[in-house]
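Participant: Following this message is one structure expressed as structure tokens.
FYI, it's all coordinate maths here, none of it is from the lab. This is a predicted model, so every value here is computed, not measured. Cβ atoms come from the backbone with ideal geometry, glycine included; neighbour counts cover every protein chain shown.
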Amino acid sequence: MAGDVVVTGLGAVTPLGTTADESWDALMATESGAGPITRFDPADANCRSHIACEATLPDETPVESDRVGRYAELAVTAADEAIADAGFDPADPDWVSAQVGTSIASSIGGLPEVEDTIEDRVSPRFVVRYLSNLASSQVSIVFGAEGPNRAASTACAAGVHAMADAMREVRRGTADVMLAGGSESILSPHGIRGFDAMRALSTRNDQPERASRPFDADRDGFVIAEGAAVLVLESRAHAENRGVTPIATVEGAGRSADGVHPTRPPDDADGLVRCIERALTDADVDPDAVDHVNAHATSTPRGDQHEATALNRVFDECPPVTGTKSLTGHTLGASGAIESVFTAQTLRDGRLPPTANHETPDPDCDVPVVTEPQTADVDVALNVAAGFGGTNGAVVFTGAK
Amino acid sequence: MQSTAADQIESIISNRLHVEESGFDDETVITGEKLDAESLDIVEIAEAIDGELGVYLTVDDIEEMQTVGDLKSFVASELEGN
């Protein structure tokens with residue numbers, strides 16, 4: 001039922017910071033995570049886009065880097081923070097392993113690990129460093145989460161789908177607690193060249209911080225990024241029994257497929273409209289009640305136009321919209337989770353994050369874009385995502401009650 | 001130079017879309033019935049043009065192209081510009 005699942009902990013490693021609150025503070029200060037690619041030489045690798053939002057792992061993480069893929073290490077680090085933030089200690093009696101599950105998405109899994117291996121002798125750890133369910137699995141192993149184990153891999157909607165999956169496990173009672181999130185480390189030559197070839201990436205190489213510009217008329221593609229986020233979702237009753245104050249409530253989720261084309265969504269945005277309407281119905285929330293939208297807003301010409309079309313169809317009067325990828329870049333399957341963290345923080349603090357670089361509004365993206373950080377009464381917020389394959393996800397959060 | 005580039009473009013279209021070169025001409029609409037190219041086909045053609053002729057087409061450039069002739073003219077003008 002709507003209202004039965006609450007958020008009690010947040011964790012994130014993003015291009016803006018090594019924790020959820022560091023990332024939030026940088027976001028609210030309009031600090032960009034974008035810069036030249038340093039992980040390898042993009043010119044040598046024949047990339048057209050030479051820019052990215054790179055994340056930095058803390059010096060110490062709960063796992064050994066050479067034993068897990070980078071994307072799994074990012075997820076475990078974010079989960080460690082989220083569990084502590086929720087006031088949990090996996091050694092406590094409150095932590096009933098069989099009732100704690102994981103739902104951690106990744107669009108691609110360990111692509112850099114695949115590329116590193118192509119010329120080499122194959123390590124016995126190779127497969128378990130790249131499989132796209134291994135972030136979810138490593139979190140379950142490190143923290144003893146032996147309940148339902150899920151790993152959405154629905155491209156750039158996967159992070160939001162992971163929230164939806166986790167919410168359903170808690171609603172059904174198949175878990176009391178779910179570690180829900182997404183993780184991606186895509187910064188390798190093929191990771192970038194693949195999107196480059198599709199003309200999906202910005203080539204504003206001389207101005208990395210100005211390259212991601214959702215809904216701006218001069219946008220030319222997304223800035224690729226890496227990172228992870230994990231939220232602790234918990235049944236309201238379980239949180240109350242622990243004496244924990246929730247950060248936000250997960251009210252409902254929706255998903256849909258366009259069923260048209262792998263990369264080109266339909267002009268009328270029917271699939272995304274259906275998805276958002278399903279989320280609002282599931283949450284039992286009237287569209288007029290939505291106060292803020294954390295949009296998918298990747299900064300691609302067609303994607304942003306498609307999303308604006310959907311929002312204007314769902315809402316008689318579209319609420320304020322933020323594209324946080326303007327500062328974090330696009331972390332693919334992690335983005336829906338990172339933006340769910342930002343949405344929970346928006347509700348917690350009553351502050352709307354900014355959209356950077358929105359300088360020339362695009363008439364084809366006629367939505368009210370939040371360009372400066374601002375305080376606001378926010379009771380209901382929507383997080384939207386869409387991915388290649390024509391897959392859509394939306395999740396509705398409300399403030400703690 | 002221009003005719004060579006035009007020939008190469010015809011060959012790229014033929015190879016990528018699996019149609020005989022005699023099956024289309026400059027008036028043929030790229031997304032029309034004869035070629036039936038969809039968006040990723042067109043980007044594949046653009047990538048092949050970049051690889052073989054060194055002319056990069058942006059998404060905006062691609063969206064402005066209607067016919068095979070439009071594509072040839074654009075590439076020819078870019079090559080002249082160089």
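Participant: Return the Rg/Rh value of the range A:115-189, two decimal places, where both radii are evaluated on C-alpha atoms and Rh is the Kirkwood radius.
Facilitator: 1.05
Participant: Sort A:371-381, A:349-359 by packing, meaning the average of other beta carbons within 10 Å per residue, with the highest value first.
Facilitator: For the peptides A:371-381, A:349-359, the packing ranking is A:349-359, A:371-381.
Participant: Compute the signed sum of charges (Lys and Arg +1, Asp and Glu -1) over the other residues within less than 10 Å, Cβ to Cβ, of A:ILE224.
Facilitator: For residues surrounding A:ILE224, the net value is -4.
Participant: Less than 12 Å Cβ to Cβ from A:ALA297, Lys/Arg counted +1 and Asp/Glu -1: what total charge do the surrounding residues give?
Facilitator: Neighbourhood net charge equals -2.
Participant: Oh, and also: Please name which of A:LEU201, A:VAL160, A:LEU352 has its Cα lying farthest along the dipole of the protein assembly as shown towards the positive end, using unit charges on Cβ (Lys, Arg +1; Asp, Glu -1) and the Cα centre as origin.
Facilitator: A:VAL160
Participant: Spin-label point model (7 Å from Cα, Cβ direction): what's the B:THR58 to B:GLU33 distance in nm?
Facilitator: In this crude spin-label approximation the distance works out to 3.5 nm.
Participant: Within the set of other residues whose C-beta is less than 13 Å from the C-beta of A:ARG255, count the net charge using Lys and Arg as +1 and Asp and Glu as -1.
Facilitator: -1
Participant: Which length gain, in nm to one decimal place, applies between A:THR174 and A:GLU317 when the Cα-Cα distance is subtracted from 0.36 nm times their residue separation?
Facilitator: 47.6 nm is the gain from fully extending A:THR174 to A:GLU317.
Participant: Counting only other chains, what is the mean number of Cβ atoms within 10 angstrom of the Cβ of each residue in peptide A:65-72?
Facilitator: Mean shielding by partner chains, rounded to a whole number: 0.
Participant: Same structure, new question: With the cut-off at 22 Å, report for chain B the share of all Cα pairs above it, as a whole percent.
Facilitator: 12 percent
Participant: Among A:THR30, A:VAL127, A:THR343, whose Cα sits farthest toward the positive end of the charge dipole of the protein assembly as shown (+1 at Cβ of Lys/Arg, -1 at Cβ of Asp/Glu, about the Cα centre)?
Facilitator: Among A:THR30, A:VAL127, A:THR343, the one farthest towards the positive end of the dipole of the protein assembly as shown is A:VAL127.
Participant: Determine, for each peptide in A:286-292, A:383-389, the mean count of other beta carbons within 10 angstrom over its residues, then list the peptides with the highest first.
Facilitator: So the peptides A:286-292, A:383-389, ranked by packing, come out A:383-389, A:286-292.
Participant: Out of all DSSP beta bridges in chain A, what portion is antiparallel? Express it as a percent rounded to 5.
Facilitator: Antiparallel bridges: around 70 percent, rounded to the nearest 5.
Participant: Can you pull the one-decimal nm distance between simple spin-label points at A:ALA376 and A:THR56, each 7 Å off the Cα toward Cβ?
Facilitator: The answer from the label model is 3.1 nm.
Participant: Moving to a separate point now. Once you charge only the Cβ atoms, +1 for Lys and Arg and -1 for Asp and Glu, what is the size of the charge dipole of the range B:2-81 about its Cα centre, to the nearest 20 debye?
Facilitator: That gives the range B:2-81 a dipole magnitude of about 140 debye.
Participant: Where does each of A:338-347, A:250-259 land if you order them by average Cβ count within 10 Å, highest first?
Facilitator: Averaged packing, sorted descending, gives the order A:338-347, A:250-259.
Participant: Whole Å is fine, so just give me how far the alpha carbon centre of the range A:52-89 lies from that of the range A:308-347.
Facilitator: A separation of 24 Å, based on Cα centres.
Participant: Here's a follow-up. Using a basic spin-label model with each label point 7 Å from the Cα along Cα→Cβ, how many nm lie between A:ASN46 and A:GLU359?
Facilitator: In this crude spin-label approximation the distance works out to 3.3 nm.
Participant: Can you figure out the FRET efficiency of A:ASN241 with A:HIS190, using R₀ = 30 Å and their beta-carbon distance, to the nearest 0.05?
Facilitator: Once the sixth-power term is evaluated, E becomes 0.05.
Participant: Right, next: Taking the Cα centre of the range A:1-389 as origin, work out the dipole magnitude from +1 charges on Lys and Arg Cβ and -1 charges on Asp and Glu Cβ, in debye rounded to 20.
Facilitator: 1020 debye
Participant: Span-like helices, chain B: DSSP H, alpha-carbon axial extent 27 Å or more, mean Kyte-Doolittle 0.5 or greater, which ones?
Facilitator: What comes out of the filter, once short or polar helices are dropped, is none.
Participant: Using the beta-carbon distance between B:SER22 and B:SER77 and R0 = 22 Å, what value does 1/(1 + (r/R0)^6) give for FRET efficiency, to the nearest 0.05?
Facilitator: Rounded to the nearest 0.05, the efficiency is 0.25.
Participant: Now, a different point. Just need log10 I(q)/I(0) for the protein assembly as shown at q = 0.05, 0.10, 0.11, 0.14 Å⁻¹, Debye formula, equal scatterers on the alpha-carbon atoms, no solvent, rounded to two decimals.
Facilitator: Log10 of I(q)/I(0), two decimals: -0.19, -0.72, -0.85, -1.28.
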